[in-house]
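The block underneath contains the structure these notes are about, expressed in structure tokens.
The values are calculated or read from the model by the stated rules, or taken from the named source; none is laboratory data. As the structure is a computational prediction, the values presented were derived from the model and not from experiment. Positions of Cβ are generated from backbone atoms using ideal geometry, with glycine treated the same way; all protein chains shown enter the neighbour counts.
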Amino acid sequence: MDPQSIPPDNQKPIQLEADAAAQTAFRESLPPAEWDPSAVPQSAQPQQSLQNGSGEEVRHEMGFFDHLEELRGRIFKAVIALVVMSALCGIFLDFLMSDVLLAPATRLGIKLQNLEVMGQFTLAIQVSVFSGLILSIPFILWQLWGFIRPGLYPKEQRYVGWITVATVFCFLLGVSFAYFIMVPTSLGFTSTIKWGNIENQFAVSSYFSFVLGFCLACGAVFEMPMLSYALSRFGIINPGMLRKYRRHGVVVILILAAIITPTPDPINQMLLAVPLYALYEISILVSKTAKRQRDEAAQLEQTESPQP
């Protein structure tokens, strides 16, 4: 039969059958270990694409090395952002040192001493890098979000979006609480303790470690509601469990406040214990919301699953 005599509409199925036959013949002519799909002509390889109802491509499958390449690029961008922000903070180092880091000690009249030859230079580098890290966190989270977003469904993207915002908010709230309340109170208490002729002149490196450690610890502790949400979504805990062990939680909160607070006086410990207990009660409400969402998702999955 002359191919030109075949109508154009009927030539495409014949061409597809010929391409499939060519691919099968090529595969059978090689040992299994030598079979390489890339060696087949492009016209003989099956082309697959995921499309939605309007015919638009909605997903693109990436290989393992493609993911590594994208991850490498995003890490490189995050590092560049950190370097740029650290350099920018170095330009405004006087403001960061005088009006931010040293402000609690200055208001209390505490004198700081440098006991190392390279102490102030090292402190300047640490403050610049740490401040640059804080300023670059939004960009770093944006890069992380861009990496994981293609693997999530639209509903999951909404959940991850607001969870990320809430996590950052809780951390910044804890850092602010430590900087404006706990650090000045603790410094005021420790600076009044004197024995004999011993003068309270703190080393600047010790002061920086104290402020930084206190802020990070409070920021981590203020993530309690988000931890409760995550554990409740996975079914590890539930609101009833948190209510049942409320008394045990109070004891743990008091112990945790005593560990984090560097001063032995009960006033400073209660300044931290009261907000922690409030976070515990908020965690119960968050756990209730997470449990309801988990039950709704399980019910929806059961409804959409095909019946045998």
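Being within 29 Å of the chain's Cα centre (by Cα) and either among the β-branched types (Val, Ile, Thr) or buried (at least 16 other Cβ atoms within 10 Å of the Cβ) (or both) is not true of residue 190.
Taken together, 169, 147 contain a single residue that is without any contact (Cβ under 8 Å) to a residue 60 or more places away in the chain and at negative phi, which is 169. Of all residues in the stretch 60-79, none that is on the phi > 0 side of the Ramachandran plot and surrounded by 13 or more Cβ atoms within 10 Å (Cβ to Cβ) has its Cβ atom under 9 Å from the Cβ atom of a residue that is of a type outside the set (A, V, I, L, M, F, W, C) and at pLDDT 90 or above, 6 or more apart or on another chain. Residues in the stretch 203-250 that are among the basic types (Lys, Arg) and not in a helix (DSSP H, G or I): how many? Matching residues across the stretch 203-250 total 0. Among residues of the stretch 259-270 being within 28 Å of the chain's Cα centre (by Cα) and in a helix (DSSP H, G or I), the one that is surrounded by the fewest Cβ atoms within 10 Å (Cβ to Cβ) is 259.
Residue pairs whose Cβ atoms lie under 6 Å apart, separated by 6 or more positions or on different chains, with the first residue in the stretch 284-296 and on the phi < 0 side of the Ramachandran plot and β-branched (Val, Ile, Thr) and the second in a helix (DSSP H, G or I) and buried (at least 17 other Cβ atoms within 10 Å of the Cβ), are 284/239; 284/242; 286/225; 286/228; 286/229.
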